[in-house]
Amino acid sequence: MMPALATDWATISSLATAGGTLVLAVATFAAVRSSQRSARIAEVALQEQRRPVFAPSRFDDPPQKIMFVEGKWVRAGGGRGAAEHEDGNVYLALSLRNVGAGIGVCQAWAATAGLQTMSSAPTHRPLDEFHTQVRDLYIPAGDIGMWQGAVRDQNHGDFARLVEAIEAGEPITIELLYSDQVGDQRTITRFGLSPYLDPDSGERHWLVNASRHWYLDRRGPRSESDTMAASQAIAQQLEASAASEPRSPSAAA
């Protein structure tokens, strides 16, 4: 007669404890992952509530005035800016609207003579070429505000070209670096100042347009590769169109 097998309760207890520990560990891991996911969603939602996005003000927005440190005043109507060369200084200003959800704080800027496009300048200027904003300029969410900048150093590399552009009535590109009210979510927006001569008054106006936004601290809504591909496709279409246009007799001669 075979002896009865003895039950190893110690082993069974250890296995049961190990199984319970494993189940608890899996549940804890899932709970931690879910908590982290919820925290990230809450953080993104909070950032969106604080995110500023600058755009040109509307043409029916009221005109604004702003003073420079020398006592120089400039005025810009809705959708317009200012570009003046006076007393050896270059004065620039933009009438802007914050279409984002948070207060925008101007941090730094760079100005370039000429119209910068994705073909000629696919990315913004290096940050070390930006002028730090001396004056605190805040633009509330859903409201208008004004940006100002001046170039007073006549030996600065941009000074002479900016003066030539202002005197000749040529476009000027301004890249503005700004952030939310706590200094996060840095964004660079490329604005253009395009001259327009009023046929009735003969007065020159500087119209403001925006062409690109770069998010420095996170990915933007569109990838750089897609944007560059679209820009290159447009450039190729323009070149093909220009090449297919018939030349005038004078040009042919």
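How many residues, within segment 102-113, are farther than 19 Å from Gly192 by Cβ and either basic (Lys, Arg) or touching an Asp or Glu at 6+ places or on another chain (Cβ under 6 Å) (or both)?
Count: 1.
Got a sec? Which of Leu24, Leu15 is modelled with pLDDT under 75, surrounded by fewer than 18 Cβ atoms within 10 Å (Cβ to Cβ) and in a helix (DSSP H, G or I)? Write out each step before concluding.
Values: Leu24 fails: modelled with pLDDT under 75.
Going through Leu24, Leu15 in turn, just one is modelled with pLDDT under 75, surrounded by fewer than 18 Cβ atoms within 10 Å (Cβ to Cβ) and in a helix (DSSP H, G or I): Leu15.
Yes or no: Gly78 touching a helix residue (DSSP H, G or I) at 6+ places or on another chain (Cβ under 7 Å), not in a strand (DSSP E or B) and not acidic (Asp, Glu)?
no
Residue-by-condition table, conditions (1) closer than 26 Å to Ser120 by Cβ; (2) buried (at least 21 other Cβ atoms within 10 Å of the Cβ); (3) out of contact with any helix residue (DSSP H, G or I) (no Cβ under 7 Å at 6 or more places or on another chain); (4) not hydroxyl-bearing (Ser, Thr, Tyr):
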| position | (1), (2), (3), (4) |
| --- | --- |
| Ile144 | no, no, yes, yes |
| Ala150 | yes, no, yes, yes |
| Asp158 | yes, no, yes, yes |
| Gly169 | yes, no, yes, yes |
| Ile172 | yes, yes, no, yes |
| Glu175 | yes, yes, yes, yes |
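Just to check your reading of the model, which residue among Leu177, Leu207 is of a type in the set (A, V, I, L, M), over 17 Å from Ala83 (Cβ atoms) and either without any contact (Cβ under 8 Å) to a residue 12 or more places away in the chain or part of a strand (DSSP E or B) (or both)?
Working: Leu207 fails: over 17 Å from Ala83 (Cβ atoms).
Every option except Leu177 fails the conditions.
Looking at Glu203, Glu224, Glu175, can you tell me which residue is at pLDDT 95 or above and either within 14 Å of the chain's Cα centre (by Cα) or of a type in the set (Asp, Glu) (or both)? Working first, answer last.
Working: Glu203 fails: at pLDDT 95 or above; Glu224 fails: at pLDDT 95 or above.
Step by step, each of Glu203, Glu224, Glu175 is checked, and only Glu175 is at pLDDT 95 or above and either within 14 Å of the chain's Cα centre (by Cα) or of a type in the set (Asp, Glu) (or both).
Among (1) surrounded by 13 or more Cβ atoms within 10 Å (Cβ to Cβ); (2) within 22 Å of Ile66 (Cα to Cα), which single condition is Arg186 missing?
With respect to (1) surrounded by 13 or more Cβ atoms within 10 Å (Cβ to Cβ); (2) within 22 Å of Ile66 (Cα to Cα), Arg186 is out only on (2).
Taking the stated definitions as given, is Asp128 closer than 30 Å to Ala229 by Cα, more than 16 Å from the chain's Cα centre (by Cα), of a type in the set (D, E, K, R) and at pLDDT 95 or above? Talk me through it step by step, then tell me what you get.
Numbers: closer than 30 Å to Ala229 by Cα: yes; more than 16 Å from the chain's Cα centre (by Cα): yes; of a type in the set (D, E, K, R): yes; at pLDDT 95 or above: yes.
Yes: the conditions hold for Asp128.
What is the one condition in (1) of a type in the set (Val, Ile, Thr); (2) within 18 Å of Asp184 (Cα to Cα); (3) in contact with a Phe, Trp or Tyr (Cβ under 8 Å, 6 or more places away or on another chain) that Thr123 does not satisfy?
(2)
Considering each residue of segment 136-149, count those that are more than 15 Å from Ser57 (Cβ to Cβ) and in contact (Cβ under 8 Å) with a residue 40 or more places away in the chain, and give that number. Give the derivation first.
Pass one, segment 136-149, residues more than 15 Å from Ser57 (Cβ to Cβ): 136, 138, 149.
Checking which are in contact (Cβ under 8 Å) with a residue 40 or more places away in the chain leaves us with 138, 149.
Going through segment 136-149 one residue at a time, the tally reaches 2.
Could you tell me which residue of segment 27-68 is surrounded by the most Cβ atoms within 10 Å (Cβ to Cβ), considering only residues that are over 21 Å from Tyr178 (Cα atoms) and modelled with pLDDT of 95 or more? Write out each step before concluding.
Kept after step one, since they are over 21 Å from Tyr178 (Cα atoms), are these residues of segment 27-68: 27-42, 59-63.
Those left that are additionally modelled with pLDDT of 95 or more: 59-63.
Working: Phe59: 11, Asp60: 8, Asp61: 18, Pro62: 9, Pro63: 12.
The qualifying residue surrounded by the most Cβ atoms within 10 Å (Cβ to Cβ) is Asp61.
For segment 89-118, enumerate the residues that are among the polar types (S, T, N, Q) and under 21 Å from Asp158 (Cβ atoms). Break it down into steps so the answer makes sense when it comes.
Here is the first cut: in segment 89-118, the ones among the polar types (S, T, N, Q) are 89, 95, 98, 107, 112, 116-117.
Those that are among the polar types (S, T, N, Q) and under 21 Å from Asp158 (Cβ atoms): Asn89, Gln107, Thr112, Gln116, Thr117.
Can you find, within segment 83-108, the residue that is farthest from Arg135 (Cα to Cα) among those that are crowded, with 22+ Cβ neighbours inside 10 Å and among the hydrophobic types (A, V, I, L, M, F, W, C)?
My answer is Ala83.
The values are calculated or read from the model by the stated rules, or taken from the named source; none is laboratory data. Remember, it's a predicted structure, so these values are computed and weren't measured experimentally. We place every Cβ from the backbone using ideal geometry, glycine too, and count neighbours over all the protein chains shown.
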